[in-house]
1. Contact order normalised by length for chain A, with contacts defined as Cα pairs under 8 Å and 6 or more residues apart; what percent is it?
2. Per residue, how much accessible area does the range B:23-133 have with a 1.4 Å probe, in Å²?
3. How large is the accessible surface of B:R104 in square angstrom, using a 1.4 angstrom probe and rounding to the nearest 10?
4. How crowded by other chains is B:106-119, given as the mean number of beta carbons from other chains within 10 Å of each beta carbon?
5. What ³J(HN,Hα) values, in whole Hz, does the Karplus curve 6.51 cos²θ - 1.76 cosθ + 1.60 give for the range A:114-120 when θ = phi - 60°, with x put for Gly and Pro?
6. Peptides A:108-117, B:91-100: what's the order by average Cβ count within 10 Å, highest mean first?
7. State whether the range B:142-270 is rounded, prolate or oblate according to the following rule on the C-alpha gyration tensor (a ≥ b ≥ c being the square roots of its eigenvalues): a/c under 1.5 gives rounded; otherwise a/b larger than b/c gives prolate, and the remaining case gives oblate.
8. Amide H of B:V81 versus every other amide H placed in the peptide plane: which residues, excluding those fewer than 5 positions away on the same chain, fall under 5 Å?
2 protein chains.
Amino acid sequence: MFANEIIIDGLQYCKWDREYFTFLKNSKLSAVHITLVYHENARETLSRFAQWDRFFENNADLIMPVMSADDIILAKEKGLVGIFFGAQNCSPIEDEIGLIPVMRKLGLLIMQLTYNNQSLLATGCYEKEDSGITRFGRQAIAEMNRVGMIIDMSHSSQRSTLEAIDISSRPICISHANPTFAHNALRNKSDEVIKALAKRGGLIGFSLYPFHLPNGSNCTLQDFCKMIAKSADMIGIDHLAIGSDLCKNQDISILEWMRNGRWSKEMDYGEGSASNANWPKDLTWFCDEKGMENIHEGLLQHGFNEKEVSKILGKNWLNFLDKGLKPQI
Amino acid sequence: MFANEIIIDGLQYCKWDREYFTFLKNSKLSAVHITLVYHENARETLSRFAQWDRFFENNADLIMPVMSADDIILAKEKGLVGIFFGAQNCSPIEDEIGLIPVMRKLGLLIMQLTYNNQSLLATGCYEKEDSGITRFGRQAIAEMNRVGMIIDMSHSSQRSTLEAIDISSRPICISHANPTFAHNALRNKSDEVIKALAKRGGLIGFSLYPFHLPNGSNCTLQDFCKMIAKSADMIGIDHLAIGSDLCKNQDISILEWMRNGRWSKEMDYGEGSASNANWPKDLTWFCDEKGMENIHEGLLQHGFNEKEVSKILGKNWLNFLDKGLKPQI
C-alpha cells in the first residue's frame, strides 16, 4: 500500500549527493521540500540553484525538479523523487521586493519570513521581543501571495506567525515544527497558532528533529503518532503533514552555519547547548530508508485509517501546494 | 500588408517606460530583443529582471514577456509587443558556468560573449589582439548550446567570431551589425564572417545605428536596402534580419555606461570621438513609429517581393529563435 501512495517530506536539509538521492528513492518518497539556503544572499542563492541544476543533470535517473503539484504526480509516475525548493530565511530577496518574482521563477516555491532572529520581514522564535510583521513584511506577503510563493513560519515567533496567517490572502504553512502541547519549546507552536493556521487553510508538517519531540531522541513512534492524533482531534486531518527536518550526513559545521550564519561572533547553540552542541542522536524508527514507512505503519496501528494516513503522509501537502503555487496573476 | 506581418526588431536599448511601450505598439512590432544589461554582474542583472517584472505587471495592455518563438505568435495574436531579453556582455554569468542555466531560466535568451573588450569568454572588436575563444569560452558555448541560450557575436572581433561559429553546435547570431563592404568599421563584419555565419545557419540583423552605416546619419533608405540586397546576393535571404540598435530617449550617461562600464578611468568614445561624443543624429526614415514600415516599403521598392520582405522583417528571426531556444536537454 505504502509504495502506491504519494509520499511527501515537507523539509529536509541533507548532504546532497548521488548516494543520498539513491537513499531518497529507496525511501519511496514522491517529493521532498529541500532547503536551498539558510542565510545565503541573492547572489549566493544563484550558486545554490546552479549546483542543483548540476544535480538534476547528473542524477536524472533519481530526481527531478518540481515547480507544481502536477510535477509531483509526474515524478511519482516516473519513479523519480521530485525536488522542490524553499529558503529558511528571507535572505535571498535581501531588501528588494522585486526579487520575490525573480526567485519564484527560479524555483523558490517556499520562503520562511525569518529564521530564529528578527529579519527585515518578521520576528524569529528566539527573539525576546516580537514586534510582528514589518512594513516590508506586509508588502512581501502580498507579493508572495501574488506570485504563488508559499509563506512558511516554522522558525517565526508567535505574534509574527499569527499576523502572517491573518495578513496573507492565501493559506500559509509551518513546514516543520510540532505543537507545544507535545513538547514545550520556543521552536514549537501553541494551540492558538495551530488553530489559527488551520482555520485559514494552512498546513503544519510534524518534525522528526529530536529537539522538537517529547523525550528528544528517545521519543517513541507511539508518542509521535499520539501527537498527531491529538492534533487531528484539535484541527482535523486535512491540515496535518510531515516535515521531517532531516539533516542526514551533515557535519557540525553545517549545524553551526544554520545557527550562527554570519550574524554572531559568539557561538549560538540554537536548541542545543555548550555541553550538547552537536547533532542530536537519530530516532531509531526514523533513521533509514524505512522511516516514512514506519510512520505509515505506526499511524495505522494507532487507529488512523488508510485514507487518513495517505493524507498525512502526502496528499495534504499535494493539495496545499496545488492551491498555494498557482500564481494569482 | 505590413500590419499583418510578424515584425521583429533584433536589438533595442531605449528608455523603457509606458510612453515608449506605446511607441513600440504603435510601430506594429510583434517582438523586440531588448538589451537587459551591458556590464551588470549577476546580482545587478536580477534587479533588471525585477524591473521588467514591474514593467510587465503595469503595462500588460502593451507588452508581454517572450520565452519562445511561439510566444511571439501569441503576442501578435493578442496585439501586444513581445519582449525577449539579451545581454550585450557575459557579465551576468561572472566566472560561473552554472549561471548560464540560471539566467536562461529567468529569460536571458541571448548573450554576447564579449562587448568591445576582451572578456572571460572571447575577444571584443576593439582589442588589438584577438586570441579567440578562451578555455571558459568553449565550455560556455557548449552550455549555452545545451540550455538553448543564443550566442551573439555583434561586438566580437573576427577570429573570436569565426571560432564561435565553428565551435557552437547550434547556429549563432550577429544581432546588430552591418557588413564592412557597406561601411568599413571595427564593429561591422567581413564577408568571411558573414559567409561563415550563414553557412552554419546563423543570422545577421542589419543595424540602423548611424555609426554602422555608410554616410552615418545621412545614409539613405535606398543605401540601406542596397546593403541588404548585396548581402542577399552573397548569402541568400534566409539569414538576413533587422537589429536596429535603436537607443531612443536615452541621455549621454547611458552612452558613457555602454562604452566605459566600470573598466575605464579615461573616457572611451567607442565609435564616436572626443569631438563627437554624443549620440549620432537619427536617420530621417527611422526615427518615429513608421520606421519599420518605411524599411518594408523601401525593400519592396528595391525589388524584393512580399515574401522576401516578410522574412527579413521578422520571419527569419522567428525561425531562428524557434530553433535556437529549444533546450537540447
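1. Rounded, it is 20 percent for chain A.
2. Working: 3510 Å² over 111 residues.
Here the per-residue accessible area is 32 Å².
3. Its accessible surface works out to 30 Å², give or take rounding.
4. Mean shielding by partner chains, rounded to a whole number: 1.
5. Values, residue by residue: 6, 10, 6, 9, 4, 10, 5 Hz.
6. Details: A:108-117: 25.3, B:91-100: 20.0.
Taking the mean over residues of other Cβ atoms within 10 Å, the ranking is A:108-117, B:91-100.
7. Details: a/c = 1.93, a/b = 1.14, b/c = 1.70.
Oblate, since a/c reaches 1.5 and b/c is not below a/b.
8. Correct list: B:I63, B:M64.
The values are calculated or read from the model by the stated rules, or taken from the named source; none is laboratory data. Because the structure is a prediction, the values reported are computed rather than measured. Here Cβ is always computed from backbone atoms with ideal geometry, including for glycine, and neighbour counts include all displayed protein chains. Note: accessible area is taken over every heavy atom of the protein model, side chains too, but ligands, DNA and RNA are not part of it. Shrake-Rupley method; radii C 1.70, N 1.55, O 1.52, S 1.80 Å.
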